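Peer 1: Structure in structure tokens, see below.
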Amino acid sequence: MLALEAAQRLEDASPQDVLRWAADTFGDRFVVSSSMGDGVLASLAASVVPGVEVVFLDTGYHFAETLGTRDAVAQVYDVRVRTVLPLLTVAQQDAEHGPELWRRDPDACCAMRKVEPLARALWGYEAYASGIRRDESPTRAGTPVVEWDERRGLVKVNPIVRWSQDDVDAYVARHGVLVNPLVHEGYPSIGCAPCTRRVAPGEDLRAGRWAGSDKTECGLHA
Ligand code: SF4
């Protein structure tokens, strides 16, 4: 009910006002999550909720540029970046489940390397922010600004959900925000290296994720 009311009230609010509402409502039970495609959400959060914790899931399969972006975000913005690891290293997962599980059963791989670690990272919190946007894919087009995350029993806040890529680019340019260098090399959406490819001009922003399969989401947001 709280999420539904907030979603209606904040539909036209700025990302900063959405973050302010979350901080005022949940205090230190509010955390931000970031995949480190850029520092936009960290920058916005730092401006409104200085010192807020930013959770980053290190799957063990990230591009070096993504880990570098995480380190830079931790240095530049007034946030506390917390890196969360899966229970198994990649080597342990290979030994237990066979090599390249991402190729044979990406849902199982994402469950172990993303979904479970996020659930663990969010334990004890009441609300978390994500940087998902409606324009990223048809599956995200109906995402509200605030929603009840039934699976995790948390309020999920999506401060930039209404932003387009142009809005993001304008914010990045205006504030000199850190961006993962891969974005400028044809990767508008960046996940694990084995499951991310470049996209062609005009393709969906997330077309490079799990390309060649019918998988479109890792299970964190859908
Ligand atoms: Fe595994 Fe690919 Fe999911 Fe990363 S995106 S957790 S490598 S299946």
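The values are calculated or read from the model by the stated rules, or taken from the named source; none is laboratory data. If you're wondering where the values come from, they're calculated on a predicted model, not measured in any experiment. As a convention, Cβ positions derive from the backbone with ideal geometry for all residues, glycine included, and neighbour counts pool all protein chains shown. SASA here: full protein model, heavy atoms, side chains in, ligands and nucleic acids out. Shrake-Rupley method; radii C 1.70, N 1.55, O 1.52, S 1.80 Å.
Peer 1: How large is ³J(HN,Hα), in whole Hz, for each residue of the range 15-27 in order, when computed from phi with the Karplus curve 6.51 cos²θ - 1.76 cosθ + 1.60 and θ = phi - 60°, using x for Gly and Pro?
Peer 2: Per-residue couplings from phi come out as x, 5, 5, 5, 5, 5, 4, 5, 5, 5, 7, 10, x Hz.
Peer 1: Carbon and sulfur atoms: what percent of the 1.4 Å accessible area of the range 2-195 do they account for? Working shown, then result.
Peer 2: On the way: 4660 of 8880 Å².
Percent of accessible area from carbon and sulfur atoms in the range 2-195: 52.
Peer 1: Rounded to whole Å, give me the distance from the Cα center of the range 185-199 to that of the range 8-35.
Peer 2: Each part reduced to its Cα centre gives a spacing of 28 Å.
Peer 1: PRE reach from V90 (point 7 Å along Cα→Cβ): which of the range 57-80 fall under 19 Å by backbone N?
Peer 2: Inside the label zone: 57-71.
Peer 1: Give me, ordered by chain and number, the residues 5 or more places off V81 or on other chains with an amide H under 5 Å from its own placed amide H.
Peer 2: Correct list: V54.
Peer 1: How much accessible area per residue does the range 1-126 have, counting only protein heavy atoms and a probe of 1.4 Å, in square angstrom? Could you put the intermediate results ahead of the total?
Peer 2: On the way: 6100 Å² over 126 residues.
With all protein chains present, the range 1-126 gives 48 Å² per residue.
Peer 1: Just for the chain, what percent of DSSP beta bridges are antiparallel, to the closest 5? Working shown, then result.
Peer 2: Numbers: 7 of 21 bridges.
Of all bridge pairs located within the chain, approximately 35 percent are antiparallel.
Peer 1: Can you list residues from other chains, or at least 5 along the same chain, whose modelled amide H is less than 5 Å from the amide H of A129?
Peer 2: V31, V32, S33, V157
Peer 1: Of the residues V90, V49, V146, which exhibits the maximal mean-square fluctuation in a Gaussian network model of the chain defined by a 10 Å Cα contact cut-off?
Peer 2: Most flexible of the set in this elastic network: V90.
Peer 1: Between R20, R80, R151, where does the largest GNM mean-square fluctuation fall for the chain, given springs only between Cα atoms within less than 10 Å?
Peer 2: Its mean-square fluctuation being the largest, the pick is R151.
Peer 1: Then there's this: Along the Cα-to-C-beta direction of R197, a point sits 7 Å from the Cα; which residues of the range 207-221 have their amide N less than 14 Å from that point?
Peer 2: Of the residues in the range 207-221, 207-215 have backbone N under 14 Å from the label point off R197.
Peer 1: Further question on the same structure: Among 60-70, 180-190, 3-13, 127-137, how do they line up from the highest to the lowest mean number of other beta-carbon atoms within 10 Å?
Peer 2: Details: 60-70: 18.6, 180-190: 17.1, 3-13: 15.0, 127-137: 21.5.
Packing order, densest peptide first, comes out as 127-137, 60-70, 180-190, 3-13.
Peer 1: Return the long-range amide H neighbours of D38 (sequence gap of 5 or more, or a different chain), with a cut-off of under 5 Å between placed amide H atoms.
Peer 2: For D38, whose amide H was placed from the backbone, the distant partners under 5 Å are N180.
Peer 1: Mind giving me the nanometre distance, one decimal, between the label points for D71 and A119, set 7 Å out from Cα along Cα→Cβ?
Peer 2: 3.2 nm
Peer 1: Where both residues lie in the range 126-222, what percent of DSSP beta bridges are antiparallel, nearest 5?
Peer 2: 60 percent
Peer 1: Rounded to the nearest 500 deg cm²/dmol, what is the calculated helix-only ellipticity per residue at 222 nm for the chain, with -39500 (n - 2.57) per DSSP H run of length n ≥ 4?
Peer 2: Details: 9 runs with 76 residues, N = 222.
Helix-only estimate at 222 nm: -9500 deg cm²/dmol.
Peer 1: Now for a different question. Which ³J(HN,Hα) values in Hz, rounded to whole numbers, follow from the phi angles of the range 102-107 under the Karplus curve 6.51 cos²θ - 1.76 cosθ + 1.60, where θ = phi - 60° and Gly and Pro get x?
Peer 2: Here the 3J(HN,Hα) series is 4, 7, 8, 8, x, 5 Hz.
Peer 1: Show me the three semi-axes of the equivalent ellipsoid for the range 2-195, from the C-alpha gyration tensor (sqrt of 5 times each eigenvalue), largest first, rounded to whole Å. Walk me through the numbers before you get to the answer.
Peer 2: Numbers: eigenvalues 142, 77, 53 Å².
Ellipsoid semi-axes (Å, largest first): 27, 20, 16.
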